[in-house]
1. Only Cα pairs under 8 Å and at least 6 apart count here; give the relative contact order of region 86-143 as a rounded whole percent.
2. How big is region 1-85 in terms of Cα radius of gyration and Dmax, in angstroms?
3. On the first, second and third principal axes, largest extent first, how far apart are the outermost C-alpha atoms of region 86-143 in Å?
4. Sketch the reach of a paramagnetic label on ILE141 as a point 7 Å from Cα along Cα-to-Cβ, and name the residues of region 94-118 whose backbone nitrogen lies under 19 Å away.
5. When the chain is fully extended, how far beyond the present Cα-Cα distance does SER5 get from SER64, taking 0.36 nm per residue of separation?
6. When the chain is treated as a GNM, springs tying every alpha-carbon pair under 10 Å, which of ILE27, ILE42, ILE68 comes out with the largest mean-square fluctuation?
7. Hey, how many Å between the Cα centroid of region 102-129 and the Cα centroid of region 1-55?
8. Which lysines have a Cα lying under 18 Å from the Cα of LYS45, excluding residues fewer than 8 positions away in the same chain?
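Just so it is clear, none of the values below were taken in a lab; they were calculated from the coordinates. Bear in mind that the values here come from a model prediction, so they are computed numbers and not experimental data. Note that each Cβ is placed from the backbone with ideal geometry, even for glycine, and that neighbours are counted across all protein chains shown.
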Amino acid sequence: MNKESLYKNIRAQGGRVTKIRRELVRILTNLGCLISQADILIYLKEKNMFPNRSTVYRELRFLSENGIVIKNTIAGVNYYETPHDHHHHLVCLGCNSINKVEMPSHLGYQEKRIAKENKFYIRNHSLEFYGYCFSCQPRFITI
Ligand SMILES: [Zn+2]
Ligand SMILES: [Zn+2]
Ligand SMILES: [Zn+2]
């Protein structure tokens, strides 16, 4: 269902829904959260697809530059997600784990105001919380 609307967006940007694009959209839709290019190469391999790194890089750039997928850089690593499943992340500074956190319709009003005041067209936002996960807290938090 979500995949179809992403394919539609690719066509709307004048792009063709090639095998690799179809597969990238499928991977990102199915996995949901923070998929790196390295992860994508592994999943493609499982599908017996062996594109070279620069092809995958170029295709991900096409998809993210056209707003079809969202690129989010956390701690220097580029991750990719679909725009349908809007959420944020808890990033642990102790073990580098990243977890998804939901904040339903939290910034709608602020986004509208910011867009208007700055005459800025907002396509999306990212918001990460940095700190320590439960198992890292004993090592890092001393209260
Ligand atoms: Zn995520
Ligand atoms: Zn948000
Ligand atoms: Zn941790």
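1. Averaging sequence separation for qualifying contacts and normalising by length gives 44 percent for region 86-143.
2. Final numbers for Rg and Dmax: 11.8, 33 Å.
3. That gives 45, 21, 16 Å along the principal axes, largest extent first.
4. 94-102
5. Value of the extension gain: 19.7 nm.
6. ILE42
7. Value for the Cα centre distance between the two parts: 27 Å.
8. Excluding near neighbours in sequence, the set is LYS19.
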